[in-house]
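Below you'll find the structure, written out as structure tokens, and then a few comments.
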Amino acid sequence: MSSLVAELEDAARIGADEDGVSRFAWTPELAQANEWLLARLDALGLETEVDAAGNVIGRWEEGEGTAVLVGSHLDTVPRGGRFDGALGVLSALESVRSLRQEGVALKRPLWVVSFNDEEGSRFQTGMLGSRAFVGDLDLDDWRKRGVDAAMSAAGFDFERLPEARAVDRVGAYLELHIEQGPVLEQKGIDIGIVTGIAGMLGFRVRLIGEANHAGTTPMAVRRDALAGAARVVLALREEALKRGDITANVGVLTVTPGGFNVIPGVAEFTIDVRAGEPDAFSSLDDLVLETLERVAGDEQLGLEVSETHRKPPTPLDSGLQDLLAESAAEAGASVCRMPSGAGHDAMVLAKRVPAAMLFVPSRRGISHSPEEFTAPEHCELGSRVLVRAVRRLVTKPGG
Ligand SMILES: [Zn+2]
């Protein structure tokens, strides 16, 4: 067994939760995983730090200019898998180990990072660590969610979060991650080079009809809010299937008054639409609003719509994408370019520094579950590609 696969198994024991893994921000489980990582960074001779936001950083300070930052996260969703995040952190560790063994002299510094609270499981925050790292703070919101109390209980100081900003000393960010979708496995491809993180747009919708007797009201004159909602669900699904460059999901739906013999008077639901490319993203508003208006008109329903979130797509750096593709080809891996439907720390970093990601296949596309699995040979191949890319970056002077 390679050191990488052995370490993945080792790390999965920390915060083991039945057959999954639970490690949340500012909990003893994540602190233990951080200690485990710090010991390994230390053994490789790096300068280590847990910064003010709980990010674990190992610095190989050699050469000049900005650092190459490599990593991912060690926090998880409740009963999450063993690979999401951990693979990227342990592969970053592996990069340092390989370069040390080869005796490579760095022209610029190399840093390993495990960002805190990527998943945001505990406070529905998400990417708090990387956001603090780049100075993109939302202190009021985080305080409202109780992050300050959790931080003091864990020995951290909420007021010092701004001190975690270190992005100004970084010139490039690389992250290896599991795909968390089925595309690579279905295509039989080893490595996905991520072109960008999909843009996400969300709505809350209320369709208003008329509650009435289910037996006495003739079908032709009903104003059935659920029938309208069902048409919206199917219309968005058909359009997304037809186009192939967007996703659409209705994940929450409530119907009132909710009687088996009552025509649904009101249907409230959420819409989550996403697109990887900017052009596709900019078409999402029209798609959703036109669909809603058409159905509401046909079904004679009242319509109320409010936007819940809007995050445009984040393109990743094309030069670093090419570097990863070349490194993959050298390692004998098959490659395709693909957007990421899920958010990642790379999305936060990409706003400030050139950032890129590579994916390895997820068995049956499953993640955020104990069933999450990536074959050892794909973990190792992804790690070898990452090491090659890192080697190329750190043996050239940094800007
Ligand atoms: Zn992740």
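Points worth noting:
- Members of the stretch 162-190 found to be surrounded by 24 or more Cβ atoms within 10 Å (Cβ to Cβ), of a type in the set (A, V, I, L, M, F, W, C) and out of contact with any Phe, Trp or Tyr (no Cβ under 7 Å at 6 or more places or on another chain), listed by number: 172, 174, 176
- Cross-chain or 6+ apart pairs with Cβ under 7 Å, the stretch 96-112 first and more than 25 Å from residue 133 (Cα to Cα), then of a type in the set (A, V, I, L, M, F, W, C) and modelled with pLDDT of 95 or more: 98/387; 100/44
- Scoring residue 137 on the criteria (1) closer than 25 Å to residue 48 by Cβ; (2) crowded, with 16+ Cβ neighbours inside 10 Å; (3) out of contact with any Pro (no Cβ under 8 Å at 6 or more places or on another chain) leaves a single failure, condition (3).
- Out of 346, 296, 328, 333, one residue alone is within 14 Å of residue 195 (Cα to Cα), touching a residue at least 12 places away in the same chain (Cβ under 8 Å), among the small types (Gly, Ala, Ser) and surrounded by 17 or more Cβ atoms within 10 Å (Cβ to Cβ). It is 346.
- Residues located in the stretch 273-300, provided they are over 15 Å from residue 230 (Cα atoms) and of a type outside the set (A, V, I, L, M, F, W, C): 274, 276, 277, 278, 279, 282, 283, 285, 286, 290
- The stretch 239-254 residues that are closer than 15 Å to residue 281 by Cβ, paired with ones that are in a loop (DSSP other than H, G, I, E, B) and of a type in the set (A, V, I, L, M) (beta carbon under 9 Å, 6 or more apart): 246/198; 247/198
- Residue among 84, 75 that is touching a Leu at 6+ places or on another chain (Cβ under 9 Å) and of a type in the set (Asp, Glu): 75
- Test: residue in the stretch 111-125 that is in contact with a helix residue (DSSP H, G or I) (Cβ under 7 Å, 6 or more places away or on another chain), β-branched (Val, Ile, Thr), at pLDDT below 95 and away from the ligand (no atom under 11 Å from the Cβ): yes
- Which listed residue is β-branched (Val, Ile, Thr), modelled with pLDDT of 95 or more and within 27 Å of residue 82 (Cβ to Cβ), from 305, 348, 273, 288: 348
- The condition of being within 17 Å of the chain's Cα centre (by Cα), small (Gly, Ala, Ser) and farther than 18 Å from residue 192 by Cβ holds for only one of 369, 340, that being 369.
- Qualifying positions in the stretch 349-378 - crowded, with 24+ Cβ neighbours inside 10 Å and either assigned to a helix (DSSP H, G or I) or among the hydrophobic types (A, V, I, L, M, F, W, C) (or both): 349, 355, 356, 357, 358, 359, 360, 378
- Failed item in (1) of a type outside the set (A, V, I, L, M); (2) surrounded by 22 or more Cβ atoms within 10 Å (Cβ to Cβ); (3) under 26 Å from residue 320 (Cβ atoms), with residue 209 passing the rest: (3)
- Among the residues examined, residue 93 qualifies as crowded, with 18+ Cβ neighbours inside 10 Å and of a type outside the set (Lys, Arg).
- Considering residues of the stretch 137-148 that are part of a loop (DSSP other than H, G, I, E, B) and not small (Gly, Ala, Ser) only, the residue farthest from the chain's Cα centre (by Cα): 145
- Residue in the stretch 303-319 that is in a helix (DSSP H, G or I) and of a type outside the set (S, T, N, Q) present: yes
- On the stretch given as the stretch 61-79, residues that are surrounded by fewer than 23 Cβ atoms within 10 Å (Cβ to Cβ) and away from the ligand (no atom under 16 Å from the Cβ) total 6.
- Meets criteria (modelled with pLDDT of 95 or more, more than 14 Å from the ligand (Cβ to nearest atom) and of a type in the set (Ser, Thr, Tyr)) for residue 334: yes
The values are calculated or read from the model by the stated rules, or taken from the named source; none is laboratory data. Please read these numbers as outputs of a predicted model, since none were measured by experiment. Note that we place each Cβ from the backbone using ideal geometry, even for glycine, and neighbour counts take in every protein chain shown.
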